[in-house]
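What follows is calculated from the coordinates using simple rules that are stated; it is not laboratory data. Predicted model, so just to flag it, every value in this text is computed and none were measured. Here Cβ is always computed from backbone atoms with ideal geometry, including for glycine, and neighbour counts include all displayed protein chains.
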Amino acid sequence: MTAVRVAVLASGGGTNLQALIDALHNAPEARVAQVITNRPHAGALDRARRAGIRATVLENPDDPAELLAALGSDADLVVLAGYLKLVPPAVVARFRWKMINIHPALLPAHGGAGMYGHRVHEAVLASGAAESGVTVHYVDEQFDRGPIIAQARVPVRPGDTRESLAARVLEAEHQLLPRVVLELARRGVPSQPVRIS
Ligand code: GRF
């Protein structure tokens, strides 16, 4: 079995990247082959370097040619894990159904442009929802709109702050993302949308 080569795009600390690195470390199905960021000081870069994974900092993340060149021909599955830039349409088209994103809420609620980090959890708390969660979905030309692949639900507890909710959701993220990546790899990264329960 040839391991699926996963390219991870991240803008921040990279704890989801770390969860993937750790989960795929001894997995024959898939491996993290490269990390790409739009931020030269992203914590995700340090995690990649510590794991001996090739890392690239994009000069212009809005330039499809630069991102396609960085991805090269050795990306079978592209994972957005806290990547805050909109992926150019030409790159979305090139990786249709081969590019996924993780979002810290139960989409379609609490997603879209500007909805990242604590803003998401503030919106969930303000809505009075009894539960929140994580969504892994395909990437399309809009933020957080592509077809959903999998979700995990997390309770909202009395007295929750945006920080306590974010921490509980992040734990669920670190479980769901590797599970989805491994399942897509086992299925050979299908060229049409799938739903994983
Ligand atoms: C995660 O909550 C992810 O769902 C969101 O951005 C955050 C990134 O966290 N898109 P990290 O950089 O993986 O720690």
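Please give the length that would be gained between residue 153 and residue 127 if that part of the chain were fully extended, namely 0.36 nm times their separation in residues minus their C-alpha to C-alpha distance (nm, one decimal).
Roughly 7.8 nm would be gained on extension.
Once you wrap a convex hull around the alpha carbon atoms of the stretch 14-99, what is its projected area averaged over all directions, in nm²?
Averaged projected area of the stretch 14-99's Cα convex hull equals 5.4 nm².
Which value in deg cm²/dmol, rounded to the nearest 500, describes the helix-derived mean residue ellipticity at 222 nm for the chain, given -39,500 (n - 2.57) per DSSP H run of n ≥ 4 and division by the residue count?
-10500 deg cm²/dmol
What is the Cα coordinate range of the stretch 72-121 on the first, second and third principal axes, sorted by size from largest, in whole angstrom?
Reported extents, whole Å, longest axis first: 37, 17, 16.
What relative contact order, as a whole-number percentage, does the chain give when Cα pairs under 8 Å and 6 or more residues apart are counted?
Once divided by the residue count of the chain, the mean separation gives 21 percent.
With labels modelled as points extended 7 Å from the Cα through the Cβ direction, what inter-label distance (nm, one decimal) is found for residue 41 paired with residue 196?
Going by the 7 Å Cα→Cβ label model, 3.4 nm.
Modelled label-to-label distance, residue 50 and residue 142, 7 Å Cα→beta-carbon offset: nm?
Between residue 50 and residue 142, the label points sit 3.8 nm apart.
Pick out the long, greasy-scoring helices in the chain: whole DSSP H runs spanning 15 Å or more along their own axis by Cα, mean Kyte-Doolittle at least -0.5.
162-186
Using square roots of five times the C-alpha gyration tensor eigenvalues, list the equivalent-ellipsoid semi-axes of the chain in whole Å, biggest first.
Square roots of five times the eigenvalues give 26, 18, 17 Å.
With label points built 7 Å along Cα→Cβ from the Cα atoms of residue 171 and residue 113, find their separation and express it in nm.
Between residue 171 and residue 113, the simple spin-label model gives 3.6 nm.
What are the extents of the Cα atoms of the stretch 71-177 along their three principal axes, listed from largest to smallest and rounded to whole Å?
48, 25, 19
Work out the charge dipole of the chain with +1 on the Cβ of Lys and Arg and -1 on the Cβ of Asp and Glu about the Cα centre, then indicate which of 126, 111, 2 is farthest towards its positive end.
In the chain, that residue is 2.
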